[in-house]
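Structure record follows, encoded as structure tokens.
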Amino acid sequence: MRKKIVAGNWKMNLDKAEALSLTTDLVDALGALPENQRVMVCPPSIHLSSVGEVAAGSKVLEVGGQNMHQSGSGAYTGEISGSMLKSYNINSVLLGHSERRAYFHENNSVLREKVDTALALGIEVIYCFGEMLEERENETHFDVVSSQLKEALFHLEASQWNHVILAYEPVWAIGTGRTASPEQAQEMHAHIRSVLTQAYGAECADGVSILYGGSVKPDNAKEIFGQPDVDGGLIGGASLKTQDFLAIVAAMS
Ligand code: 13P
């Protein structure tokens, strides 16, 4: 059975003291989770080691990376590799976030390589994708999303989908305070699951967690997470505030 997941994407926010304080507060506040729920934070890579050490004191708080390079090692100044993540016990990574696509020119073809590198190392992939505003307005959003899935992921074997989480993040809803309505989220998540079903069959598609991201806040999380094909959220701004993030975690139940 697929799990419900709330993951915080801290993006390029928080200095060391702030990152450790937020992590400590989360570790202290998070009690045991139901077996079908997971909670994760994805700090900037410079904090992964220290945040990981604090989170290790919790049975429930997981830590993931925000990005990794597709190559194993080499002359890629400023980048980090999957084996570096593994060496710090980081076993999950966001790939394909719209900010990586927009500002660092990541496309589906590079993301396909990153996905393969991560999975080969045993790193779980949280694959982010979603349409831009003009694509929704000209009604190509379903096609765009299908291509983002097919081009980066549909070469995988069915068994590899046990290590892939999807995060649908419409670009027009990220950091804008404008969220997809629960109906819009459900409509797209159902589309994503049906594309997966066509390619891999219902059993595989039913097992994949599909998170929604884009201005999820304590006051809208419950309704969005209540949709049948929404399995939690990838949270930006609200993951930087302890009480807001905890309220969103609570909205999974
Ligand atoms: P916001 O929650 O700030 O809209 O960010 C969403 C996001 O990009 C998470 O990856």
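Computed from the coordinates by the stated procedures, all read-outs in this text should not be read as laboratory data. Note that the structure is predicted; figures quoted are calculated from it, not measured. Methodologically, a virtual Cβ is constructed for each residue, glycine included, from the backbone with ideal geometry; neighbour enumeration extends over all protein chains shown.
Any idea how many residues of region 226-248 are of a type outside the set (D, E, K, R), over 18 Å from HIS97 (Cα atoms), within 14 Å of the ligand (Cβ to nearest atom) and out of contact with any Pro (no Cβ under 7 Å at 6 or more places or on another chain)?
Residues that pass the stated criteria total 1.
Restricted to region 75-97, and to residues that are crowded, with 20+ Cβ neighbours inside 10 Å and either within 16 Å of the ligand (Cβ to nearest atom) or part of a helix (DSSP H, G or I) (or both), which residue is nearest to the chain's Cα centre (by Cα)?
So, considering only residues that are crowded, with 20+ Cβ neighbours inside 10 Å and either within 16 Å of the ligand (Cβ to nearest atom) or part of a helix (DSSP H, G or I) (or both), the one nearest to the chain's Cα centre (by Cα) is LEU94.
What are the residues in region 198-235 that are surrounded by fewer than 22 Cβ atoms within 10 Å (Cβ to Cβ) and closer than 20 Å to ASP25 by Cα, if any?
Of everything in region 198-235, those that are surrounded by fewer than 22 Cβ atoms within 10 Å (Cβ to Cβ) and closer than 20 Å to ASP25 by Cα turn out to be LYS217, PRO218.
Just checking, which of ALA185, ALA247, ALA167, ALA180 is crowded, with 17+ Cβ neighbours inside 10 Å, assigned to a helix (DSSP H, G or I) and among the hydrophobic types (A, V, I, L, M, F, W, C)?
ALA185
Looking at region 55-74, which of the residues that are farther than 15 Å from LYS114 by Cβ and not in a helix (DSSP H, G or I) is farthest from the chain's Cα centre (by Cα)?
My answer is GLY57.
Would you check which residues across region 1-46 are away from the ligand (no atom under 16 Å from the Cβ), part of a helix (DSSP H, G or I) and surrounded by fewer than 20 Cβ atoms within 10 Å (Cβ to Cβ) and list them?
The answer is LYS16, ALA17, GLU18, LEU20, SER21, THR24, ASP25, VAL27, ASP28, ALA29, ILE46.
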